[in-house]
1. When the stretch 66-87 is examined, which residues are found to be assigned to a helix (DSSP H, G or I) and either in contact with a strand residue (DSSP E or B) (Cβ under 8 Å, 6 or more places away or on another chain) or surrounded by 15 or more Cβ atoms within 10 Å (Cβ to Cβ) (or both)?
2. Which of the residues spanning the stretch 34-65 are assigned to a loop (DSSP other than H, G, I, E, B) and either surrounded by fewer than 14 Cβ atoms within 10 Å (Cβ to Cβ) or in contact with a strand residue (DSSP E or B) (Cβ under 8 Å, 6 or more places away or on another chain) (or both)?
């Protein structure tokens, strides 16, 4: 099985802080009608606590996939429900994807 394409953008996102900022931006964009201030978002709070619907979550994941350069399972937000947890997991996945490309 071939490794998924690994984008240059994903390399730049291979740190938790950059990923957290990206996820916050996507969350604010997804919840545009609620007008959430990015400064009010707690990295340790579940994404659902901000009123993110399942449809909005899938849209957010789709945009995140484009940024990291590989597919994300819809269950990712269930398994990693906070920005902090999701970003940490993504760093590991990005590093693993980069390693697979080097082999």
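Coordinate-derived values only; no laboratory data. Bear in mind that the values here come from a model prediction, so they are computed numbers and not experimental data. A quick note on method: Cβ atoms are made from the backbone with ideal geometry, for glycine too, and the neighbour counts reach across all protein chains shown.
1. Scanning the stretch 66-87 gives 67, 68, 76, 77, 83, 84, 85, 86, 87.
2. Within the stretch 34-65, 35, 37, 42, 43, 44, 45, 51, 53 meet the criteria.
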